[in-house]
Each structure stands twice: as C-alpha cells, then as structure tokens.
1. Can you return the lysines within cross-link range of LYS138? Criterion is Cα-Cα under 18 Å, with same-chain partners fewer than 8 residues away left out.
2. Using a 1.4 Å probe over the heavy atoms of the protein chains, calculate the carbon and sulfur portion of the accessible area of the range 64-197 as a whole percent.
3. Using Cα centres only, tell me the gap between the range 97-128 and the range 165-200 in whole Å.
Amino acid sequence: MRGLRGPVRRVTAGRLAGGTAGVVGVAALCLLAAGCSTGGTGTRDEGAAVTAPVERGVPTPGASAVPPVRTVDAASLLREDPKVSRRIKADLKPCSEGAYPVDTSYGNLTGGPVPDVVVNVMTCGDAVGIGTYVYREKDETYENVFAVEEPAVYATIDRGELVLTQQVYAKGDPVAYPSGEDVVTYSWSDTKFTERYRVRNNYSSAVGDGAVEAPDVVDPTVPRQN
C-alpha cells in the first residue's frame, strides 16, 4: 500500500513597504557575508520545511501461513506400519535402481497442523494400484487413519477431500480394459473418514471403429465387447 503524500506548499510573504524592503535587503547581504551571526548558527528563513514522506501500510516479511511440507520415506513408513498387510509388505520391492513403486501426496485432509500423507502402492510391471493409505501426524509420528488394500485402487487429494478411484473388472476383463470404475469421495469427520459421494462410471465396450467380440483367449491389444 502506498503512503499518502500531501503537497508541500511554500508560503511567500506579501509585498513589503519600501523601508522594510531595504532592511530585508541588508539582512540578506549580511547573511551572505556570514557577518550577522555570532557563531554561524543564527535562524535562517528558508520557507516551510520539506519532510520526507512516510510509507505506511507496507507489510514486513513474515512467516508463511502454510506450514512447510516434511517429506517422508514412504517405503519405510509402510514397512513399520502394523496395519499394512503382509502381502503388501512382501510386494514392496524396488522396481529398478532402488526406486519403489510408491506415489506420495501431501495435503490437508484431517485439519491437523501439518499436511497429511497419502501413499499409493502399485505393481512394477503394469502400475496397477494394490493399496492406498492416509497417514496423519500425531505426537511427531504418523498414524494410519485410512487404508484400502484391493486391486486397481488409487487415491488423490482434491480440495481438502480424499478421492478414491477403483477400477471395476468383469469376468474375463484384461488389466488394460476394465469394465468401469468407482469414484468415492471421503471427508474427515472427527476421528475418521466418512463416505460422501460415490460415482460409478461404466466404460463403453466399443473401441475404435466398432464393437468386436472378445476371443476365448483375451488379448489386451484387441478391442472387446461384453
């Protein structure tokens, strides 16, 4: 915000009488010669003083209202969590060069002082979700407050809500072609997540130029029809 700056007005004296003007002229010469002041510090009439403008309303740098994100080691967090099944822990292995098939998201879901952590575990080969978890910080540790361990599941954070997407497979569906998906929205309520919305999306069986009946041996590169 800019400071308010008022115009500085100089006040000039009116026209003086002839005798008075003469005195003023002598005084001006005296000042120039520095002979009318005993110590060179006499009063000088230079008009109204110009004061430096004061900028008001300028905010000072301060701490951000959003707390910094503290990243976590998702693989270690899952291994140390007793709520994570043995099956998930057994499948939690690096895919290549020490990289684990784990996605991690940070955001405010439970209203705590620090961001919550959403962890999705996938398979290395086809990146299919096999488990999703939400961790909330409590006493400087992370507490598991949500878990789904089912095939083709994945969770995200959307405007403070947890959105879980799960692929739906009919009998004979290949991994690349599910029959549909369920999208479930959860909100935090007191001490747990509660379901608010559920949407079922059914995918069309017609792919490309038209519907093709699926063969006995399912080939994921061939369009299919239920």
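The values are calculated or read from the model by the stated rules, or taken from the named source; none is laboratory data. Here the structure is a predicted model, which is why all the values come from computation and not from measurement. Heads up: the accessible areas ignore ligands, DNA and RNA and are worked out on the full protein's heavy atoms, side chains in. Shrake-Rupley method; radii C 1.70, N 1.55, O 1.52, S 1.80 Å.
1. Hits, sequence-local ones excluded: LYS83, LYS192.
2. Values: 3700 of 7460 Å².
Of all accessible area on the range 64-197, carbon and sulfur atoms account for 50 percent.
3. About 17 Å separates the Cα centre of the range 97-128 from the one of the range 165-200.
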